[in-house]
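Colleague: This is the structure I want to talk about, given as structure tokens.
The values are calculated or read from the model by the stated rules, or taken from the named source; none is laboratory data. Computed from a prediction, not measured in an experiment: that's the story for all the values here. Using ideal geometry, Cβ is built from the backbone for each residue, glycine included, and neighbour counts are taken over all protein chains shown. What goes into the accessible areas is simple: the full protein's heavy atoms, side chains included, and nothing from ligands, DNA or RNA. Shrake-Rupley method; radii C 1.70, N 1.55, O 1.52, S 1.80 Å.
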Amino acid sequence: MKTSYASYLLEKVRAENPLVHNITNQVVTNFTANGLLALGASPVMANAKEEVAEMAQLADALVLNIGTLTKETVEAMILAGQAANEKGVPVLLDPVGVGATTFRKNAAKQLLEQVNISVVRGNAAEVAHLLGVDGWESKGVDAKAANGDAAALAKQASIALQTVVVITGKVDVVSDGGEVLSIHNGHEWLTKVTGTGCLLTSVIGAFCAVGEQPLHASAAALLFYGVAAERAAQHTKNKGPGTFQIELLNALSHTNGDDVVTLGKIGGISHDKG
């Protein structure tokens, strides 16, 4: 995939203003909504069981984030996911902290079994926990150590889960079980601000809403988001993550297709592992 395709999809998002339905965690609701608005998408944050199915069918993408779960939230996610499937609306799963508790593991398992998921986006520890693979540690909802091959893990997970898998880290990787793409943009301060990963999943949702292939739409979103993070960091040197958070929202609004073409760094990974 070329950076020019990421530029094309970015402009398409801004032209079509896709509605992204988020059933997400309480910590990131405001940041996610503002980030989608800055991008040029339209967010809705509906999670009541009484309306999620109807809202999901009106949306252009549905994002399910298990960061702050309740039994009722899981039920709402399943209802929304199945309704989205009926309409052909792409569904994305962010398995936040899936390895932390049995409840989270069971919830993710239910969603993967009962909903057709287009994209799973997580850190390496989260994706490894979905598969029951050793070699990756977690601490709470964060990846603690990277002791394995993220590209191989993404490919293995994509095959096992039958979906596109995005693993974010120092280098982001995305796979559909055959092709594996690597994105080399971003900034370390993304790990210092709560909600940047959750927002990224919703940004991927916006790109999937206008792109035909979840693999390339996901890679395009990662390129855009990584470039925006780098631009935000340039404006916040010696200031810290608080200022970076605000500048990231600004960068999501100001980063254009030419920036993505010029600054985007994408590669392919070819191996038979996983």
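Colleague: If we count every other residue with Cβ under 11 angstrom of residue 215's Cβ, Lys/Arg +1 and Asp/Glu -1, where does the sum land? Walk me through the numbers on the way to the answer.
Modeller: Details: positive: none; negative: 176, 179, 212.
For residues surrounding residue 215, the net value is -3.
Colleague: If I model a spin label at residue 103 and residue 170 as a point 7 Å from the Cα along the Cα→Cβ vector, what separation in nanometres do I get?
Modeller: About 3.5 nm, to one decimal.
Colleague: Could you give the distance between the Cα centres of the range 22-47 and the range 187-261, to the whole Å?
Modeller: Computed from Cα coordinates, the inter-centre distance equals 14 Å.
Colleague: For the pair residue 27/residue 51, report the inter-label distance in nm, with labels modelled 7 Å from Cα in the Cβ direction.
Modeller: 2.6
Colleague: In addition: Could you sort 21, 184 by accessible area so the largest value comes first, with the probe set to 1.4 Å?
Modeller: Working: 21 0, 184 90 Å².
Listed by decreasing accessible area, they come as 184, 21.
Colleague: Shifting gears a bit: So what is the accessible area of the chain per residue, in Å², with the probe set to 1.4 Å?
Modeller: On the way: 11690 Å² over 274 residues.
That works out to 43 Å² for each residue.
Colleague: Could you pull out the pairs from 105/192; 170/237; 12/109 whose alpha carbons sit more than 31 Å apart here? Present the calculation step by step, with values, prior to reporting the outcome.
Modeller: Working: 105/192 25 Å; 170/237 19 Å; 12/109 33 Å.
Listed pairs above 31 Å: 12/109.
Colleague: Please return the longest range in the chain lying between exposed loop sites, taking trypsin sites (Lys or Arg not before Pro), DSSP loop only, at most 15 other beta-carbon atoms within 10 Å, and leaving the sites out.
Modeller: Values: sites that count: 2, 49, 170, 237, 239, 265, 273.
Counting at most 15 other Cβ atoms within 10 Å as exposed, the longest clean stretch of the chain is 50-169.
Colleague: May I pose another question? What does the helix-only formula give at 222 nm for the chain: each DSSP H stretch with n ≥ 4 adding -39500 (n - 2.57), the total divided by the residues, and the result rounded to the nearest 500 deg cm²/dmol? It would help to have the intermediate numbers written out before the result.
Modeller: On the way: 11 runs with 139 residues, N = 274.
Calculated at 222 nm, the ellipticity per residue is -16000 deg cm²/dmol.
Colleague: Using a Gaussian network model on the chain with a 10 Å cutoff between Cα atoms, which of 117, 204, 159 fluctuates the most?
Modeller: With Cα springs under 10 Å in the chain, the top fluctuation among 117, 204, 159 is at 159.
Colleague: Could you work out what % of the accessible surface of the chain is carbon and sulfur, using a 1.4 angstrom probe and leaving DNA, RNA and ligands out of the count?
Modeller: On the way: 5390 of 11690 Å².
After summing per-atom areas, the C and S share lands at 46 percent.
Colleague: Could you tally the net charge around residue 247, taking each other residue with its Cβ under 14 Å from the Cβ of residue 247, Lys/Arg +1 and Asp/Glu -1? Walk me through the numbers on the way to the answer.
Modeller: On the way: positive: 192, 231, 237, 239; negative: 230.
Its environment carries a net charge of +3.
Colleague: Could I ask something else about it? With a Cα-only, solvent-free Debye model of the chain, what are the log10 I(q)/I(0) values at q = 0.07, 0.10, 0.13, 0.15 Å⁻¹?
Modeller: -0.21, -0.43, -0.77, -1.06
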